[in-house]
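The values are calculated or read from the model by the stated rules, or taken from the named source; none is laboratory data. None of these values were measured; they are calculated from a predicted model. Neighbour counts run over all protein chains shown; Cβ positions are idealised from the backbone, glycine included.
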Amino acid sequence: MATDALVSSELKSLQDELAAGKADRAARTDPVVSPAVGSTASADAPQKPLEEIERQDYLRQLADEITELFGKAETSISAHPAQSVAGALLLGILIGRLLGRR
């Protein structure tokens with residue numbers, strides 16, 4: 001269960017960094033002034049909040065799926081500890097041999 005909290009906090013941190021980056025980028029860009037009309041051009045302004053909401057929903061879904069995956073893995077490892085250790089050992093040996101050939 002500690003991994004759930006770790007993954008959740010890491011995803012929250014990534015969401016905060018993404019929001020801070022967007023705010024910084026928005027602060028650095030100035031609105032484009034149309035010379036003919038003299039007003040700011042904001043043709044894509046209504047789309048930005050929708051895109052941001054979609055990204056946040058996607059990140060929430062990703063966080064939920066990762067949390068669920070870690071929960072299932074933890075349950076499986078708890079139910080079959082010897083098989084999990086043997087599988088991890090074999091996987092480590094396989095990866096070691098594959099990397100050793102380079």
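Here are a few things to note about the model shown:
- In the range 64-99, residue farthest from VAL7 (Cα to Cα) [restricted to those that are surrounded by 11 or more Cβ atoms within 10 Å (Cβ to Cβ) and hydroxyl-bearing (Ser, Thr, Tyr)]: SER84
- Subset of the range 49-63 (residues that are of a type in the set (Val, Ile, Thr) and surrounded by 12 or more Cβ atoms within 10 Å (Cβ to Cβ)): none
- Test result for ALA82, more than 15 Å from the chain's Cα centre (by Cα), among the hydrophobic types (A, V, I, L, M, F, W, C), modelled with pLDDT of 70 or more and part of a helix (DSSP H, G or I): yes
- Hits in the range 26-64 - residues which are of a type in the set (D, E, K, R) and modelled with pLDDT under 75: ARG28, ASP30, ASP44, LYS48
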